[in-house]
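What follows is a short report on a single structure.
The values are calculated or read from the model by the stated rules, or taken from the named source; none is laboratory data. Just so it is clear, the structure is predicted and the values come from calculations on it, not from any experiment. Backbone-built Cβ (ideal geometry, glycine too); neighbour counts: all protein chains shown.
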Amino acid sequence: MYRFLLTPRWWGINVFVLLAIPFCMFMGSWQLSRFEDRVQDHRDAGEQASAARTQAPRPLGRLLPVDKKTSGKQATATGRYGKQLLVPGRELDDKRGFYVLTMLRTDDGRALPVVRGWLAGDADTAKAPAVPAGEVTVTGALQASETPGSNGVPAAGGLPAGQTGAISSASLVNLVPYKMYDAWITLAEADSGMKAVPAAAPSDTGLDLKAFQNLGYTGEWFVFAGFVVFMWFRLMRREVEFAQDAELGLVEEAPVETDAAKVSSASSTTA
């Protein structure tokens, strides 16, 4: 009854099934591992942020370039404040406001963007406290340059003079007359009545849309594997039922022409 499984057509079907199921299982497992990696990165980022608050600050130069390991760590830098900008459209404690961003010019000639604090309301230079004079030493959480349109960073353009949408060396280089560090810090203690801005988690370490896409793809690949098995079983059952019906005479077989009939039909056609 199951001898049809050895026919060429079913050999092709069987080989496809035997290859498709392991492939689907492998892809599902890979997507699941990607999701688990992102969950672990999220946990590590949280633990790193908690540990960074109690660790002694280190000189800025020892923590550069910024990566997942150094992001959020306490850094110190010494210099003189220069140009000040406002960063509108930033939320803190569920309120909308703006950052006060001041360039710290260090001895090596470069400028480090320093978020001195956050103020509620629309960005207004009259609200921002004056830039401290003289040499200062700042301490705060090290952060990587932002990317507009990601991690909650606005991508709005056409801002008024004295404002920037993202804290990024690529954006700031066109707004200030200094060479820039590819990093910035947010002060642990805000200046002049402003609220301190907490450090953000490094990019690609949160449970974001990409993480849940990996989880969704995991389910899809496992469903595909189950669907392949289901369709193979359904096709096999249909063949078995057809064979059983044929044995019981419930399926009409096509009439077989005899040689005489073939000759007669050919003669009629010729005539």
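Observations on the structure shown:
- Criterion: modelled with pLDDT of 75 or more, among the aliphatic types (A, V, I, L, M), surrounded by 11 or more Cβ atoms within 10 Å (Cβ to Cβ) and over 17 Å from Cys24 (Cα atoms) - qualifying residue of Ala225, Ala211: Ala211
- Any hit, the range 22-37, residues being of a type outside the set (Ser, Thr, Tyr), under 23 Å from the mean Cα position of the chain (by Cα), in a loop (DSSP other than H, G, I, E, B) and at pLDDT below 90: no
- Odd one out for Ser145 among (1) within 31 Å of the chain's Cα centre (by Cα); (2) modelled with pLDDT under 90: (2)
- Candidates Gly206, Gly162, Gly193, filtered to the one that is on the phi > 0 side of the Ramachandran plot and at pLDDT below 90: Gly193
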